[in-house]
Amino acid sequence: MKQETIQSPRGVPDILPDQQKYWRFIRDIVEKKCQSFGFKKIDLPFFEDQRLFARGIGNSTDIVEKEMFELKKTSEEEEAQYVLRPEATASVVRAYIQHGMRSWPQPVKMYYWGPMFRRERPQKGRFRQFYQFGFEVLGNIDPHLDANVILLAWQILEAIGISKDLVTEINSVGCSQCRPEIRKKILEFYSQYQDLICPDCQRRYLINPLRLLDCKDKKCLPVIASAPQIIDNLCRECKNHFTVVLETLDELEIPYDLNPRLIRGLDYYTKTAFEFRELKDKDRQSSLGGGGRYDDLIELFGGKKTPAIGLAMGIERIIEKIKEKKIRIPELIGPKVFVVQLGEDAKKCCLKIVSQLDREGIGAACNLSQNSLREQLGLANKAKSPFALILGQREIYDKTVILRDMKNGVQDTIDQKEIVEKIKEQIGTIKKKK
Ligand code: HAM
């Protein structure tokens, strides 16, 4: 009986070998930029206590209400319900408190990279397992830091080569001082329009009125257009903070659009909130990344009140843009030496030479499944190796090897004992010529 073939879960893609170059390219840029901006790497668990996200992201958000993957409980784990992490900010805050990072020099600047899990309806650019890189700065309220974090992301997008048609949408969502008044005004305004808004917004009206302003349903857009704006109702501190953020972005020449309707789908934001998206994405369907301040989150998790800001970028969406814009990905530097083997005895000797060169720090490769000289030299060319070593029956017998310069085809027979010395000599000559 033919067995049914098992597929990966819906919205959970494999990352195949030919795609790895994109991931490596982005990762190299992220690591370099994060280090030069003074961020240290943190790796966080893939699953955490469900309460972390319920408390942090907010019980009434889509992520917590509908999108978390719960792990099955075992009998010893009666107490905790674990979930696959839908994001990493709550985990960073947990780690900050758990490891007493408040006693470290402030602010603590950390970055992360890894998979996140959300049970969303899979579609273009929206997956159930997707990767983010993100950075968080904990322990400082300075508004210049908000611009600094945006600058880091912008420099990464520039280095990748996709910043040209992007824009930073930005807003201030207020703080615990001004929010109650803003909420009141929004509730008052919406009380007249209950019948005109979508069912989701009717629910939001009762549990999370601020998010009424961020609805993307066409039915709600005319109501939103005349709704009170947060930005007109900010307290003095939030207003001043936001002014400095915008002035600094101007100074840094980072393009931004002030979007007074931007709220974002996570409840922990205070003051600055922003998203990166394509200029042509007018319906705001797919952001490449986003973030903001979360000055109350550490206190909410039982720590001392500590201001913080961060953002996360969606890696699959960045890769989509790289492909769309046909950005050239730099090739990996191939092995310096390709060892060609002709015959059974040569295979053994070839492996020995590859490992010997490798130990000397000279990148070497071979291919044992191809047998012809032509095919193997073809592979050496494809790998852009400057040298090939050719081992046939005769060379095995004489304990020699043919050293071939792949650029001009010049060949020389050398003693096997001299391989490392001769290759180093040749590499030195190339470097001098350069
Ligand atoms: P977020 O807006 O939920 O923010 O996610 C950030 C980015 O992750 C999005 O802009 C998008 O590029 C990508 N993303 C989200 N969901 C999916 C999905 N289902 N499929 C593919 N990509 C997706 C956060 O996660 C916050 N933790 C950001 C933050 C850090 N705020 C402060 N610090």
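Observations on the model:
- Fewest-first ordering of Thr74, Thr5 by other beta carbons within 10 Å of each residue's beta carbon gives Thr5, Thr74.
- Estimated from helices alone, the mean residue ellipticity of the chain at 222 nm is -11500 deg cm²/dmol (sum of -39500 (n - 2.57) over DSSP H runs with n ≥ 4, per residue).
- Farthest towards the positive end of the charge dipole of the chain, among the residues Ile170, Tyr268, Gly361, is the Cα of Gly361, using unit charges on the Cβ of Lys, Arg, Asp and Glu.
- In the chain, Rg over Rh equals 1.11, where Rg is the alpha-carbon radius of gyration and Rh the Kirkwood radius from pairwise Cα distances.
- Seen from every direction in turn and averaged, the convex hull around the alpha carbons of the range 83-191 projects onto 10.8 nm².
- Other residues whose C-beta falls under 11 angstrom from the C-beta of Ser91 contribute a net charge of -3, scoring Lys and Arg +1 and Asp and Glu -1.
- Modelled this way, with points 7 Å down the Cα-to-C-beta line, the labels at Ser176 and Glu70 are 3.0 nm from one another.
- Set of aspartates and glutamates near Lys424 by C-alpha distance (under 16 Å), chain-local residues within fewer than 8 positions excluded: Asp358, Glu360, Asp405, Asp412, Asp415
- Across the range 189-287, the convex hull enclosing all Cα atoms gives 115 Å³ per residue.
- Cβ-based charge dipole, the range 38-113, positive-most Cα from Ile97, Gln50, Gly38: Gly38
- Summing Cβ point charges (Lys, Arg +1; Asp, Glu -1) relative to the Cα centre of the range 96-191 gives a dipole of roughly 560 debye.
- Inter-label distance, Arg10 to Lys32: 4.1 nm, where each label sits 7 Å from its Cα along the C-beta direction.
- A protection proxy built from the mean count of other Cβ atoms within 10 Å ranks the segments 339-345, 368-374, most packed first, as 339-345, 368-374.
- Counted charge near Arg204, where neighbours are those whose Cβ lies closer than 10 Å (Asp, Glu -1; Lys, Arg +1): 0
- Degrees, to the nearest 10: 373-382 long Cα axis against longest axis of the chain: 30 degrees
- Dipole magnitude for the chain: about 860 debye, using +1 per Lys or Arg Cβ and -1 per Asp or Glu Cβ, origin at the Cα centre.
- Under the combined filter of DSSP loop state and at most 14 neighbouring Cβ atoms within 10 Å, the range 244-285 retains these GluC sites (Glu not before Pro): Glu253.
- Filter on Lys66/Lys216; Lys40/Lys304; Lys109/Lys164; Lys184/Lys239; Lys109/Lys323; Lys32/Lys164 - keep pairs with C-alpha separation over 24 Å: Lys109/Lys164; Lys109/Lys323
- For the pair Asp250 and Asp18, a Förster radius of 51 Å applied to the C-beta separation gives a FRET efficiency near 0.75, rounded to the nearest 0.05.
- The packing ranking, built from the mean of other Cβ atoms within 10 Å per residue, places the peptides 181-191, 216-226, 57-67 in the order 57-67, 181-191, 216-226, highest first.
- For Val420 and Gln192, a Förster radius of 60 Å and the Cβ-Cβ distance give a FRET efficiency of 0.10, rounded to the nearest 0.05.
- Dipole magnitude of the range 149-257 about its Cα centre (Cβ charges: Lys, Arg +1; Asp, Glu -1), debye to nearest 20: 680 debye
- Positive-end extreme of charge dipole, the chain - chosen from Pro180, Ile63, Tyr111 (charges on Cβ): Tyr111
- Other residues with beta-carbon under 14 Å from the beta-carbon of Cys215 carry, at +1 per Lys or Arg and -1 per Asp or Glu, a net charge of +4.
- Degrees, to the nearest 10: 344-359 long Cα axis against longest axis of the chain: 50 degrees
Each reported figure results from applying straightforward, stated rules to the coordinates on display, with no laboratory input. These figures come from a predicted structure and were not determined experimentally. Quick reminder, even Gly has a Cβ in these numbers, built from the backbone with ideal geometry, and neighbours come from all protein chains shown.
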